[in-house]
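Report on the following structure.
The values are calculated or read from the model by the stated rules, or taken from the named source; none is laboratory data. Remember, predicted model here, so these are calculated numbers, not experimental data. Here the Cβ is made from the backbone with ideal geometry for all residues, glycine too, and neighbour counts use every protein chain on show.
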Amino acid sequence: MFHHYAELPYSQRVLFTCVLLILGMGYLFALLNVYFTYAGRAGGNPLMLSYEDIVVAYSGTGKGSIIESALNGPMASMLPPEERTAVLSWVRDGAAQTGFDPAIRSILDKRCMTCHNGSNPHLPNLSNFEGVQKVTAVDAGASMATLVRVSHIHLFGLTFIFFIMGFIFTHAYVRPVWLKCFVITIPFGAVVLDVSSWYFIKLFHPFAWLEIGAGMLMAGCFAFMWMTSMYQMWFYNPPSAILERLGGDIP
């Protein structure tokens with residue numbers, strides 16, 4: 001009681017193919033964004049994304065300041081060693097305004113203003129002492145306001161993505177039927193687990209494993225639906241049940 005891709009007009013299959021290609025590219029860039037955002041946050045290997053990086057991103061280090069975590073992690077390559085040492089020494093000495101001008105201000109103006117000039121409300125504003133003072137506070141990870149903002153973006157955005165993917169995948173021939181329904185359903189549950197774990201990591205760090213697992217489930221289901229849909233649309237000989245319904249071979 002469903003229409004297989006072979007029973008759809010070519011125009012609809014072309015539409016589905018274009019959507020799948022763009023969504024596939026978007027998902028790859030999303031995975032790269034996760035890597036570049038979190039790899040090295042815990043001060044380890046900046047080329048590796050680890051469990052510790054996820055924990056630090058959401059619960060903070062609880063030790064140094066926000067700017068120290070950034071300069072020892074993902075922002076380590078943005079400053080030469082001597083300038084990074086100067087900024088970190090100033091922060092550890094109390095981050096007084098008397099030491100900010102002109103030495104620290106000149107470093108930040110030269111290295112950081114491309115992104116941290118105040119034009120992006122989601123990035124710290126380092127164009128003045130008041131803004132810099134905020135990132136010298138103890139690193140407690142993502143704030144509740146940030147988590148709420150990102151949560152609603154993820155919940156809306158990923159729901160639309162997996163609705164589109166699931167709708168296209170409903171035309172695939174997959175047996176048993178419960179497996180097809182399972183693959184369609186799992187990403188929605190994984191989205192809820194993923195977003196919920198951001199808040200729970202602050203209370204209990206091992207919830208980071210739940211976030212990692214939820215992300216792997218989403219990626220696995222996305223890949224399975226994408227490859228199955230593309231293959232059955234253009235390279236798959238429909239099963240006998242579909243051919244009989246069509247009345248013969250597909251021209």
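Some notes on this structure:
- Residue within region 100-121 that is more than 30 Å from Q12 (Cα to Cα) and in contact with a His (Cβ under 8 Å, 6 or more places away or on another chain) present: yes
- Qualifying helices (runs of 4 or more DSSP H) (wholly inside region 1-84; at least 3 residues being assigned by TED's automatic domain parsing to the domain that holds K202 and closer than 24 Å to I161 by Cα): 10-38
- Cβ pairs under 9 Å, 6+ apart, first in region 15-43 and more than 29 Å from T61 (Cα to Cα), second at pLDDT 95 or above and of a type in the set (S, T, N, Q): F16/S229; T17/S229; L20/S229
Conditions (1) hydroxyl-bearing (S, T, Y); (2) in a helix (DSSP H, G or I); (3) within 21 Å of L49 (Cβ to Cβ), marked per residue:
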position: R149; (1), (2), (3): no, yes, no
position: M165; (1), (2), (3): no, yes, no
position: I168; (1), (2), (3): no, yes, no
position: Y173; (1), (2), (3): yes, no, no
position: V191; (1), (2), (3): no, yes, yes
position: V195; (1), (2), (3): no, yes, yes
position: W198; (1), (2), (3): no, yes, yes
position: F222; (1), (2), (3): no, yes, yes
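- Condition check for V55: surrounded by 14 or more Cβ atoms within 10 Å (Cβ to Cβ) and closer than 20 Å to S196 by Cα: yes
- Matching option when the condition is surrounded by 13 or more Cβ atoms within 10 Å (Cβ to Cβ), farther than 30 Å from S240 by Cα and either in contact (Cβ under 8 Å) with a residue 24 or more places away in the chain or not assigned by TED's automatic domain parsing to the domain that holds P80 (or both), among S197, S127: S197
- Residue within region 175-182 that is within 25 Å of Q12 (Cα to Cα), modelled with pLDDT under 95 and out of contact with any Pro (no Cβ under 8 Å at 6 or more places or on another chain) present: yes
- Members of region 115-147 that are of a type outside the set (A, V, I, L, M, F, W, C) and not in a loop (DSSP other than H, G, I, E, B): E130, G131, Q133, K134, T146
- Region 117-153: number of residues that are closer than 17 Å to S65 by Cα and out of contact with any Phe, Trp or Tyr (no Cβ under 6 Å at 6 or more places or on another chain): 16
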